[in-house]
1. What list of ³J(HN,Hα) values in whole Hz, one per residue of segment B:265-279 in order, does the Karplus curve 6.51 cos²θ - 1.76 cosθ + 1.60 (θ = phi - 60°) give from phi, with Gly and Pro shown as x?
2. Compute the whole-percent fraction of alpha carbon pairs in segment A:210-283 spaced more than 17 Å apart.
3. Which distances, shortest first and in nm, link A:E294 to the matching position in the other copies, using label points set 7 Å out along Cα to C-beta?
4. Name the residues whose placed amide hydrogens come within less than 5 Å of the amide hydrogen of C:T142, ignoring near sequence neighbours (fewer than 5 apart) on the same chain.
5. Would you mind finding the longest exposed-site-free stretch of chain D, with exposed trypsin sites (Lys or Arg not before Pro) meaning DSSP loop and at most 16 other Cβ atoms within 10 Å?
6. Using the Karplus equation 6.51 cos²θ - 1.76 cosθ + 1.60 (θ = phi - 60°), what ³J(HN,Hα) coupling, rounded to whole Hz, does each residue of segment D:19-24 give in order, writing x for Gly and Pro?
7. Let me know the Kirkwood hydrodynamic radius for segment C:38-101, please, with Cα pairs as the basis and the value in Å to one decimal.
8. How far apart, in nm, are the 7 Å Cα→Cβ label points at B:A220 and B:E161?
There are 4 protein chains.
Amino acid sequence: MQFLSDNTSTACPEILEALAAVNHGRVHSYGDDEWTLRLSRCLGDYFGTEVRAFAVATGTAANSLSLATLSPPYGAVFAHRDAHIETDECGAPAFFSGGAQLSLLAGEHARIAPETFAQALEDHPSVNVGLHSVQPAALSLTQMTEFGTVYRPADLAKLCELAHGRGLKVQMDGARFANAVAFLHCHPGDISWRAGVDVLSFGATKNGALAAEAVVFFDAALVRDFELRRKRAGHLFSKSRYVAAQLLAYVETGLWLRNAQRTNALAQRIAQAANPMLLHPVEGNEVFLRLGLERRARLRAAGFEFYDWGPPQHGEARLVVSWDQPQEDVEALCAALARILP
Amino acid sequence: MQFLSDNTSTACPEILEALAAVNHGRVHSYGDDEWTLRLSRCLGDYFGTEVRAFAVATGTAANSLSLATLSPPYGAVFAHRDAHIETDECGAPAFFSGGAQLSLLAGEHARIAPETFAQALEDHPSVNVGLHSVQPAALSLTQMTEFGTVYRPADLAKLCELAHGRGLKVQMDGARFANAVAFLHCHPGDISWRAGVDVLSFGATKNGALAAEAVVFFDAALVRDFELRRKRAGHLFSKSRYVAAQLLAYVETGLWLRNAQRTNALAQRIAQAANPMLLHPVEGNEVFLRLGLERRARLRAAGFEFYDWGPPQHGEARLVVSWDQPQEDVEALCAALARILP
Amino acid sequence: MQFLSDNTSTACPEILEALAAVNHGRVHSYGDDEWTLRLSRCLGDYFGTEVRAFAVATGTAANSLSLATLSPPYGAVFAHRDAHIETDECGAPAFFSGGAQLSLLAGEHARIAPETFAQALEDHPSVNVGLHSVQPAALSLTQMTEFGTVYRPADLAKLCELAHGRGLKVQMDGARFANAVAFLHCHPGDISWRAGVDVLSFGATKNGALAAEAVVFFDAALVRDFELRRKRAGHLFSKSRYVAAQLLAYVETGLWLRNAQRTNALAQRIAQAANPMLLHPVEGNEVFLRLGLERRARLRAAGFEFYDWGPPQHGEARLVVSWDQPQEDVEALCAALARILP
Amino acid sequence: MQFLSDNTSTACPEILEALAAVNHGRVHSYGDDEWTLRLSRCLGDYFGTEVRAFAVATGTAANSLSLATLSPPYGAVFAHRDAHIETDECGAPAFFSGGAQLSLLAGEHARIAPETFAQALEDHPSVNVGLHSVQPAALSLTQMTEFGTVYRPADLAKLCELAHGRGLKVQMDGARFANAVAFLHCHPGDISWRAGVDVLSFGATKNGALAAEAVVFFDAALVRDFELRRKRAGHLFSKSRYVAAQLLAYVETGLWLRNAQRTNALAQRIAQAANPMLLHPVEGNEVFLRLGLERRARLRAAGFEFYDWGPPQHGEARLVVSWDQPQEDVEALCAALARILP
């Protein structure tokens, strides 16, 4: 039974059906087709405001292209030190931007506290050494975070206000954005543009799509630069309809919420079963456990696949629930956890 | 009736079926799945030699990532001045490589003559000014070319020999590689590794896939650098099976050849109908015509969509046959051409 | 007797004296010293308008840093195909800008004709293919040109007007700017800001300095970006006074004009002696001759050092007069030329 | 009385004399002159081994160019978190390398402990996530460090051994290398190649030169790449003799040691006077004091210029002794410190 990651999952039937549904007729390429052209409207409705949305196929592309648009080569992008852009993208933000630097912040449960960010702005070397230092350019937030926790709208608003107050733009890595909305029972706008986010990587791949992420600009002024960077980076698809169609289906069929609610709920089941061992609050579809080496080995021996986490000797584990996770996997896991509990 | 480009086409049924066929089971992400792992073997069989093959989703990614692996930032990449990497990728090779420069060569029908390349190597500024100039690093060839012509194996071999003799690597943009093979009735190896090509962008998207190109390394030493660059550029897919599955189906079902033979044959029909107006020999699925302004307008008025080409006053046109082009489109086009012929 | 290049010359006594004159007292580093702070005012007086001027030490730095400020990574910079930034800087503009591309133009005597540039703007691929192409961003002009010719103010104005009309900025490579002013008997402003130039690389090294070039911004809005790029590229000097002092002396002592007048005059002597063999009008301190292979060999055998030029079989030669060229060198050269004349 | 930095100092008389001494005769440019050609031999004698040495004019250029030669764009360069390349070069290593990332290490007194580096290598994300992470490529050490302390040869050797054991190269930022040699009474080779350093930025500017740093390669294989990067970055001087002459004079007249011994000795005087307030051991020409806000203000009011250091509320200060620091400055400083001591 496999809890490695939500990107080990299949694509939803609705997604494959959407691909089939657009698979007729020769249409203009590179996004000049009815589906791609509908994307901004569709996501505008979703977010409750006018947006410019662009389809790409990987989260790294979505994050790095938007950061390159927000930061000059000599810019600093503030991010949590456990953010995906720092730990898992092979330095992509530096590549796309021409060398921008991530300024890493600590923060419990992979969330940046507004006070931490305020302090980091105040202490930033550029304040003292001026142009001898990289220059603060953007703040990157992950919602839901790498540790499965969720920023509350009020904290997001504070963070964005601090950023804007210093002339920084705010980018959000929303690879698991739907899980955050599902957890908060909020409107998608509440944790994006209403809180002050300028650009959002709106992920669909992990939550049921085949390969599709939308880059959503709430500030249209940035769009031209983005489009040129996307083309230049090989992330503009000639047969764009097939990426757009996934995103349209993802939003318009309610798939995004349905899947997120299901995986969140299953993760809660695991959280209850594993309660004393939780490393972080479980607010989405990820569960982090401090099992200890022995229990971790027993769990694995019982047939469960998951990633080790953290320092080797701590015996930590990450378990992620996928949209297509069988209910029985979770039942079995809970039972196994009950057996090995301290 | 639409002859704009082969990338305006749909995806083949075989491709969609392949997507459905792999859409079961949670598997390891980022290429560690049975389909992606089979890709190198599949393409090795296809080319008749050991290869390392990588799936990406756009031609720009395939070309630029491999050129970045072949050329240092201060390298010069020789290419035809009408090559796609020069005219249609928004400077992608410079972006991916950190600034490598295309050294553009002339050549009839978008083919580089071996003599032209030999002369360019001899005359290259680096010969005289040493490190004040960019340094020849690679030769990029397009097969089939941007003008729908095909390099013969002997010419390819001469070009590659010249390149290797000066320490340059050879990259091939094979966005329409299948059309070239179909035209030459040769083995795929004859116009790739046997001729001396080091890395090939093996295109499938234009010829029936949804979004899939293989980067095929005939020289395994270059692979590690490529893999890191691919990840860093956001071109490594988490759900890699869906890109790999397209390529497997494309090769293993014979789709590649079937489609190419069909589009080549239809283009030949058009070529015969338009014979006195041909700008270039028709050797694949593209037809370039010097219609003149008036005839071009009449053809368009008759309901045919195609791109204008060349200098505005020349009245040139490009017509491309897609794998899903109805036979009737071609019949209608031939009839229309007959009516407006000089 | 050596006519290889003006950068083979020594530094003027006035320059060394200037270094000695500022060599007292500990002062703030990185340009916060009285000499560096005076530079903008000094060059503002020189040009007859307000400027922001920055000292760097090489022409490549001056040109590439300013082009990086004018062009995004996906930008195209129009330049003559024999421009120094294309032929002799190892791709520096692409490095500094993150991949901007030079769009090369032909033009007699290394000058770009306004009509040529107008046509290039009209024909630029971006007009047809939009974001599939690099985007015109800047025009780079060389005054005096690589072939020793000088743009007239009216032509410069036309070129700049064309550029600005399309939203492009204009950079001028003025490595031999003084020679152009001396030739035209004009005001420095006439061939820079009054003609529409936005940023000028004002060269001093070739004309008597040790290592000093000023980057002169006539548009202050661009300055902040430039300053950060300069620092990041290692071209901000800690002991900035020694670069600034050279530039101040160069301008304030009249050195710039004195040296340029002398070398121009000596080159005229050579031009007269070599008249039937001149490849380009001699308008500065450079003389290009079509000697033929035999005469070239004889001239060299007579003890003259110079660079071969052009295609090997043409027997062309470039001779450059340096500020410290002994009068006798020129006399001897003229005599030798007289002996070998056709 | 000014203790801001050693780069606020003048150039030594020996340096200006050296400039004058080479200021005769037209010589080949770009380093093909007798002085530049002698540089490798001169520094080879100095280090007691064969080297390839290159003259540049700023420390940022020296460090970043060599790091770009050692690290691919997806490389990680380990460095102390207070290293100059991190804090004061506006992200230059990322610019020159095309995006390489600094992996920052803690360490008392700005020195990296071998254990810390060993642990960092073991814990590096690339060990677990493979190509999803940047790849360890180089270790950058600063000798003497940013906090005025000196690595002992044995520790350097351990650090280099760890680096080489993992396939990393070692770069040394030796902006104040002479001070380290003077402190250790060792041979220059002992803290460079004999310890395992592959490339050294051998600084002269801070210690008496006008603007000159040598990049010294102990591994000749890397040289070609470096030379092309240097040219491309505008750090190859046409009148190269004037940079080379500074370095030759710096080494051959013993200036390097004389100046370093003097500034080290004066700093020791200050260290004794300020003993209870020292933040770091004083092993070179820099003194870091925890004065507290009030005493710091009093010291400044007494006429001493220096930089504040560290967090604002801590009242820390950095004082640097320059080669041309009058003895009286130091006497006065010691007296003032005695008056305000706790």
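1. Ordered by residue, 3J(HN,Hα) equals 5, 5, 5, 4, 3, 5, 4, 5, 5, 9, 2, x, 9, 5, 8 Hz.
2. Values: 1725 of 2701 pairs.
Here the long-distance tail beyond 17 Å is 64 percent of all Cα pairs in segment A:210-283.
3. Inter-copy label distances (nm, one decimal, shortest first): 5.9, 9.5, 10.0.
4. C:D173
5. Numbers: sites that count: D:R81, D:R166.
Of all site-free stretches, the longest is D:167-342.
6. 4, 4, 5, 9, 8, 8
7. Final number for the Kirkwood radius of segment C:38-101 is 12.9 Å.
8. It works out to 2.8 nm between the two label points.
Each reported figure results from applying straightforward, stated rules to the coordinates on display, with no laboratory input. These numbers were taken from a predicted model, which means no experiment stands behind them. For neighbour counting, all protein chains shown are included, and Cβ atoms are generated from backbone atoms with ideal geometry for every residue, glycine included.
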